Amino acid sequence: MYTQALDTHGREPVPAAEGAGPAARFQARIDADEKIEPKDWMPEAYRQTLIRQISQHAHSEIVGMLPEGNWITRAPTLRRKAVLIAKVQDEGGHGMYLYSAAETLGVSRAQLIEQLLSGAAKYSSIFNYPTLTWADVGAIGWLVDGAAIMNQIPICRCSYGPYARAMVRICKEESFHQRQGFEIMLTLAQGSAAQHAMAQDALNRWWWPSIMMFGPSDGDSRHTAQSMAWKIKRFSNDELRQKFIDVTVPQAQFLGLTIPDPRLRWDEATQHFQIGPIDWSEFYAVLKGNGPCNRERLEARRAADAAGAWVREAAAAYAAKHGGRAPAGASHG
Ligand code: FAQ
């Protein structure tokens with residue numbers, strides 16, 4: 001969708017006589033809230049940071065289809081099934097927009113997918129947890145999509161045009177996802193004692209991983225300072241985490257559910273909810289590939305890739321026969 005006129009990818013050499021000129025002009029454009037477009041000059045580190053973040057984001061959307069996809073065949077009613085299919089399909093669409101946005105930076109979709117399948121690329125830690133009951137589908141919509149929106153609304157104002165524009169529609173859809181999740185939780189929380197307990201159990205298991213989704217605390221976040229100077233990120237990880245906690249705790253109270261944190265308290269002085277310590281060892285274990293479902297998730301993506309090879313080959317053969325361009329990703333695998 002953003003692939004027109006991408007012959008140079010903004011990679012024109014900087015004339016030696018200009019010295020630091022382009023870098024200073026680039027930063028001045030960022031400071032003036034101008035959008036950077038694919039053919040504009042940009043520092044190589046800016047390009048690489050965007051490729052890393054956008055592709056991690058795209059992979060998260062694609063891997064993120066798996067935990068909820070697990071419940072499509074077992075949704076409790078036809079309406080729930082239709083809604084869940086639509087939601088999971090939306091996540092696939094988000095992955096596609098985001099891969100397209102990353103491609104404008106001069107990397108191919110095939111390369112990005114290869115990085116995911118080889119385990120070289122990261123995707124969000126949250127999708128390495130299992131969906132054990134139907135309430136987990138509600139908890140994902142409420143908490144995971146809720147956290148995703150909190151993180152992604154500011155990305156609509158990201159300095160890189162294609163990423164910012166892709167986020168506008170994604171955020172609208174995530175907002176629908178969050179509401180459907182909250183509605184599942186509300187139905188369960190107001191249902192039988194067993195349903196209420198199921199909702200509480202899902203909250204117990206998804207709360208801390210959702211808090212960790214925002215990334216390492218600011219002191220340990222190696223990319224935040226530079227990404228904020230470039231206006232790729234508009235808020236730090238801890239700032240977004242706190243905003244999420246502040247809106248979500250009252251929602252849990254409304255549901256009649258208990259946040260699994262005995263140290264959670266309202267702090268009158270700061271006017272924020274204060275949480276107990278985060279177990280960062282769990283977060284880093286998941287990032288290293290040792291979460292409950294890391295292996296299963298990558299195996300599922302590799303199996304899907306292998307199963308789809310014949311489609312890509314057929315599409316490439318069709319394109320070659322008709323003298324057209326091979327479809328995106330057709331060369332992969
Ligand atoms: N999981 O210096 P920072 C969704 C890595 S979409 C795994 O703070 P940064 C929709 C980070 O990459 C969810 N790795 O990094 C949905 C870096 O590693 P590296 C995804 C993580 O980039 C809902 C290292 O730690 N959303 O949920 C995580 O400035 C339901 C140091 O961290 C996005 O990707 C993590 N949670 O800030 C779909 C949003 N956190 O490369 C289906 C866009 C950090 O140096 C169902 N991304 N790391 O080796 C961002 O906003 C940022 O990239 C952050 C991380 C905030 C995630």
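The values are calculated or read from the model by the stated rules, or taken from the named source; none is laboratory data. Computed from a prediction, not measured in an experiment: that's the story for all the values here. Glycine also receives a Cβ, built like all others from the backbone with ideal geometry; neighbour counts cover every protein chain displayed. To get the accessible areas, we keep the full protein, side chains included, count just its heavy atoms, and leave off ligands, DNA and RNA. Shrake-Rupley method; radii C 1.70, N 1.55, O 1.52, S 1.80 Å.
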Practice problem: Would you be able to tell me the number of residues in the range 93-104 that are surrounded by fewer than 24 Cβ atoms within 10 Å (Cβ to Cβ) and within 15 Å of the ligand (Cβ to nearest atom)? | Solution: 4
Quiz item: Does any residue of the range 285-305 turn out to be in contact with a His (Cβ under 9 Å, 6 or more places away or on another chain) and under 22 Å from residue 61 (Cα atoms)?
Solution: yes
Quiz item: Among the residues of the range 53-70, is any modelled with pLDDT of 95 or more, open to solvent by less than 20 Å² (accessible area, probe 1.4 Å), within 16 Å of the ligand (Cβ to nearest atom) and in contact with a Lys or Arg (Cβ under 6 Å, 6 or more places away or on another chain)?
Solution: yes
Self-check item: When residues of the range 241-268 are limited to those that are free of Cβ contacts under 8 Å to residues at least 24 places away in the same chain and of a type in the set (Asp, Glu), the one nearest to residue 200 (Cα to Cα)
Solution: 267
Quiz item: What is the number of the single condition among (1) more than 10 Å from the ligand (Cβ to nearest atom); (2) surrounded by fewer than 20 Cβ atoms within 10 Å (Cβ to Cβ); (3) closer than 19 Å to residue 69 by Cα that residue 173 does not meet?
Solution: (1)
Exercise. Can you tell me which residue within the range 155-170, out of those that are surrounded by 18 or more Cβ atoms within 10 Å (Cβ to Cβ) and either at pLDDT below 95 or not in a loop (DSSP other than H, G, I, E, B) (or both), is nearest to the ligand (Cβ to nearest atom)?
Key: 155
Self-check item: Residue in the range 71-91 that is nearest to the ligand (Cβ to nearest atom), counting only those that are in contact (Cβ under 8 Å) with a residue 12 or more places away in the chain and not charged (D, E, K, R)
Solution: 88
Quiz item: Only one of (1) closer than 22 Å to residue 63 by Cα; (2) of a type outside the set (Phe, Trp, Tyr); (3) open to solvent by less than 40 Å² (accessible area, probe 1.4 Å) is not met by residue 120, so which one is it?
Solution: (3)
Quiz item: Going through the range 207-237 one residue at a time, which ones are of a type outside the set (Val, Ile, Thr), in a helix (DSSP H, G or I), within 11 Å of the ligand (Cβ to nearest atom) and more than 18 Å from residue 26 (Cα to Cα)?
Solution: 209, 210, 212, 218, 219, 220, 237
Quiz item: Can residue 110 be described as more than 16 Å from the ligand (Cβ to nearest atom), open to solvent by 30 Å² or more (accessible area, probe 1.4 Å) and not basic (Lys, Arg)?
Solution: no
Practice problem: Look at residue 137 and say whether it is open to solvent by less than 10 Å² (accessible area, probe 1.4 Å), within 7 Å of the ligand (Cβ to nearest atom) and either of a type in the set (Ser, Thr, Tyr) or in contact (Cβ under 8 Å) with a residue 12 or more places away in the chain (or both). | Solution: no
Quiz item: Taking interchain pairs and intrachain pairs at least six residues apart, which have beta carbon atoms under 9 angstrom, with the first residue in the range 207-232 and farther than 20 Å from residue 160 by Cα and the second of a type in the set (Lys, Arg) and more than 9 Å from the ligand (Cβ to nearest atom)?
Solution: 211/241; 212/241; 213/241; 214/241; 215/241; 217/241
